[in-house]
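J.: Encoded as structure tokens, here's the structure I'll be asking about.
The values are calculated or read from the model by the stated rules, or taken from the named source; none is laboratory data. Remember, it's a predicted structure, so these values are computed and weren't measured experimentally. FYI the Cβ positions are ideal-geometry reconstructions off the backbone, even for glycines, and counts take in every protein chain you see.
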Ligand SMILES: Cc1cc2nc3c(=O)[nH]c(=O)nc-3n(C[C@H](O)[C@H](O)[C@H](O)COP(=O)(O)OP(=O)(O)OC[C@H]3O[C@@H](n4cnc5c(N)ncnc54)[C@H](O)[C@@H]3O)c2cc1C
């Protein structure tokens with residue numbers, strides 16, 4: 001088990017890692033790509049740049065800096081996070097990763113476009129966490145909204161508990177291999193049925209299907225999804241963090257765009273530094 005497990009190797013994750021590594025700790029980073037930074041064409045508002053760099057170049061510099069200090073970096077998509085009594089265990093598509101403490105630095109969840117009315121039905125038939133809520137739907141018929149590996153992970157969590165799982169792709173291509181027991185519904189969704197409580201979906205062709213619940217698993221798991229699975233508290237939909245960016249789960253931190261603040265590299269690096277230093281302090285105080 002590593003000392004610090006960091007999910008995401010963007011500016012926030014790398015920054016947290018640099019502090020951990022320089023404190024002589026064993027640091028494991030897991031990320032699926034270079035995140036938001038890779039999309040930035042030209043960076044010229046970050047400290048210390050002699051001339052503008054592309055986001056991809058800056059990401060590469062940061063990754064190499066962490067590697068040079070001894071970081072372990074895995075390229076993998078994480079679908080689950082839990083505390084097993086000893087430490088944090090992140091499940092990826094390619095393996096599991098463990099750390100005595102964990103920093104979530106998975107960036108902003110820009111891609112999750114909710115369906116109209118979905119937010120109001122949260123907790124009333126719409127769930128974002130299969131491992132948390134599957135039990136409430138035992139022997140019932142549920143839908144999973146999504147198309148990829150994360151949706152597959154959530155469907156697999158549900159299959160042993162519920163009566164049936166239908167994958168709602170909302171017209172998008174399926175990008176993971178789902179078991180035959182999951183029915184694939186490819187039609188585009190026009191809206192959700194139910195007043196205040198989810199009762200099913202209406203498709204653009206006018207047809208309707210009734211479900212007891214719907215699990216949202218679009219794109220890949222973000223910090224909100226992972227924090228829910230790890231049991232962290234939210235207040236009005238926002239992850240509860242203290243001044244050190246620690247969640248309500250001791251030893252679980254969040255930093256960078258995923259905390260919902262100003263979406264800038266300087267801020268992500270700053271939050272990563274605070275969370276990284278707090279993670280070191282936590283390990284020392286708990287002699288872990
Ligand atoms: C087009 C564009 C231009 C920008 N221009 C600027 C600019 O000029 N100046 C500026 O300061 N900021 C700019 N930004 C914002 C800046 O890129 C972000 O604020 C910064 O990258 C946030 O860092 P982060 O580490 O929090 O998240 P990210 O950089 O988004 O990194 C997130 C990391 O988490 C990983 N991850 C996410 N989900 C998972 C998962 N399920 N499993 C495993 N890994 C996962 C990703 O692969 C990635 O490694 C721009 C952003 C965009 C999109």
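J.: Suppose we filter the stretch 157-168 for residues that are surrounded by fewer than 22 Cβ atoms within 10 Å (Cβ to Cβ) and either at pLDDT below 95 or not in a helix (DSSP H, G or I) (or both); how many remain?
T.: Quick first cut of the stretch 157-168, residues surrounded by fewer than 22 Cβ atoms within 10 Å (Cβ to Cβ) only: 159-161, 163-164, 166.
Filter again for either at pLDDT below 95 or not in a helix (DSSP H, G or I) (or both), leaving 160-161, 163-164, 166.
The total comes to 5.
J.: Within the bounds of the stretch 19-34, is there any residue that is within 10 Å of the ligand (Cβ to nearest atom), within 30 Å of residue 286 (Cβ to Cβ), in the same structural domain as residue 225 (by TED's automatic domain parsing) and in contact with a helix residue (DSSP H, G or I) (Cβ under 8 Å, 6 or more places away or on another chain)?
T.: yes
J.: Inside the stretch 245-266, can you point out the residues that are more than 16 Å from the chain's Cα centre (by Cα) and near the ligand (Cβ under 7 Å from one of its atoms)?
T.: 263, 264, 265, 266, listed by residue number.
J.: How about the stretch 1-18: which of its residues are more than 6 Å from the ligand (Cβ to nearest atom) and either farther than 26 Å from residue 246 by Cβ or in a strand (DSSP E or B) (or both)?
T.: Of the stretch 1-18, the ones more than 6 Å from the ligand (Cβ to nearest atom) are 1-6, 14-18.
Once the filter is applied, which keeps residues that are more than 6 Å from the ligand (Cβ to nearest atom) and either farther than 26 Å from residue 246 by Cβ or in a strand (DSSP E or B) (or both), the stretch 1-18 yields 2, 3, 4, 5, 6.
J.: Read through the list (1) outside any loop (DSSP other than H, G, I, E, B); (2) within 8 Å of the ligand (Cβ to nearest atom); (3) under 24 Å from residue 3 (Cβ atoms); (4) touching a helix residue (DSSP H, G or I) at 6+ places or on another chain (Cβ under 8 Å), then give the number of the only condition that residue 37 fails.
T.: (3)
J.: On to the next question. Out of curiosity, is residue 103 surrounded by 21 or more Cβ atoms within 10 Å (Cβ to Cβ), part of a strand (DSSP E or B), touching a helix residue (DSSP H, G or I) at 6+ places or on another chain (Cβ under 6 Å) and outside the structural domain of residue 181 (by TED's automatic domain parsing)? I'd like the intermediate steps shown before the answer.
T.: Working: surrounded by 21 or more Cβ atoms within 10 Å (Cβ to Cβ): yes; part of a strand (DSSP E or B): yes; touching a helix residue (DSSP H, G or I) at 6+ places or on another chain (Cβ under 6 Å): yes; outside the structural domain of residue 181 (by TED's automatic domain parsing): yes.
Criteria met by residue 103.
J.: In the stretch 194-229, which residues are within 16 Å of the ligand (Cβ to nearest atom) and surrounded by fewer than 20 Cβ atoms within 10 Å (Cβ to Cβ)?
T.: Scanning the stretch 194-229 gives a single hit, 219.
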